[in-house]
Every structure is written in C-alpha cells, then in structure tokens.
Amino acid sequence: SQPIDLLKPKEGYAADAERGKQLFTERGCLACHQHSAVPESKADFGPNITDIYQKVKRNSDNPAFSDWLYTWIRDPERYHTKTRMPN
C-alpha cells in the first residue's frame, strides 16, 4: 500500500440523494455491479454494492475513508493504474 493524494468534494458540497440516484442509473454502474434496488441486474464483474453505505457508516469517524471512497469513484486510476473501473 502506498499513500495517494485524496480528492475531496468542493467546498460547500451538499449530498443530494436524487442526483445520486440519477447518476447511479445513468452512468452505467449496473453494467458491472449489482444492487438490490434493481433486482433484475445480474452483473457480476464488480462487487455487489447494495451495502456500500455500511462501509461509509462504519467509517464515519474517519474522514480519510470518505475521501478515499470519493477518490475511488471520481478517479479510480489514481488508486490503481490498471483498474477497469471507469471514472
């Protein structure tokens, strides 16, 4: 494991669940991942992300974890240069 420069949301960012839902469905996450909200999804290339919120919740006292997750989704090659995860 090597340290990486983590990204952070812009100052003043406020979470928006509706926008998140829209991005989740439009960006193609279900091409690789399963989620219980979409039971007909059968993709198994990436992990099932139904309970990803549990990881965030479990690490809520560790801002670095939230920054890591944000960085992974926003710029996955920053973490792993040969990843197949798109940004």
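Annotations
- Relative contact order, whole percent, for the chain stands at 25, derived from Cα pairs under 8 Å and 6 or more residues apart.
- Over the chain, DSSP H runs of length four or greater, each weighted -39,500 (n - 2.57), average out per residue to a 222 nm ellipticity of -10500 deg cm²/dmol.
- Each principal axis of the Cα cloud of the chain was evaluated for its coordinate range; sorted largest first, these ranges are 37, 31, 23 Å.
- Taken over the alpha carbons of segment 27-74 as equal point scatterers, the Debye sum produces base-10 log I(q)/I(0) values at 0.13, 0.19, 0.25 Å⁻¹ of -0.35, -0.68, -0.94.
- Using alpha-carbon coordinates, inclination of helix 17-26 to the longest axis of the chain, degrees: 60 degrees
- Local electrostatic count, GLU26, Cβ distance below 13 Å [Lys/Arg +1, Asp/Glu -1]: +2
Any read-out appearing in this document is the output of simple, stated calculations on the displayed coordinates, not a laboratory observation. Worth saying up front: this structure is predicted, and the values here are computed from it rather than measured. Quick reminder, even Gly has a Cβ in these numbers, built from the backbone with ideal geometry, and neighbours come from all protein chains shown.
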